[in-house]
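One structure is given below, encoded as structure tokens.
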């Protein structure tokens, strides 16, 4: 399945994209993460539903006890994606 995930809060300039990439690689999620101009972070990815649940749990949990990062809201929607991602990367 393909998903677009929007993460809002204090998630830019605090290492959040690197954290997302590390978690994605651990779970086998393919796609990319990037900053948006409004201060949020967008994740476009492909994974199975059961993997998505664990991925989201880790993305939310990061705000607890980690200096600088504060996740306020995560929105997930099924998305059309050309697919074929071979890895997970940070896009600028």
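For this structure, a couple of remarks:
- Neighbours by Cβ (under 9 Å, 6+ apart or cross-chain): first from region 21-42, at positive phi and without any contact (Cβ under 8 Å) to a residue 40 or more places away in the chain; second surrounded by 13 or more Cβ atoms within 10 Å (Cβ to Cβ) and part of a helix (DSSP H, G or I): 28/51
- Filter result for residue 74 (surrounded by 14 or more Cβ atoms within 10 Å (Cβ to Cβ) and either in contact with a helix residue (DSSP H, G or I) (Cβ under 9 Å, 6 or more places away or on another chain) or without any contact (Cβ under 8 Å) to a residue 12 or more places away in the chain (or both)): yes
- Scanning region 15-38 for residues that are under 16 Å from residue 74 (Cβ atoms), modelled with pLDDT under 95 and not in a helix (DSSP H, G or I) yields no hits at all.
The values are calculated or read from the model by the stated rules, or taken from the named source; none is laboratory data. Model, not experiment: these values are computed from the prediction. Here the Cβ is made from the backbone with ideal geometry for all residues, glycine too, and neighbour counts use every protein chain on show.
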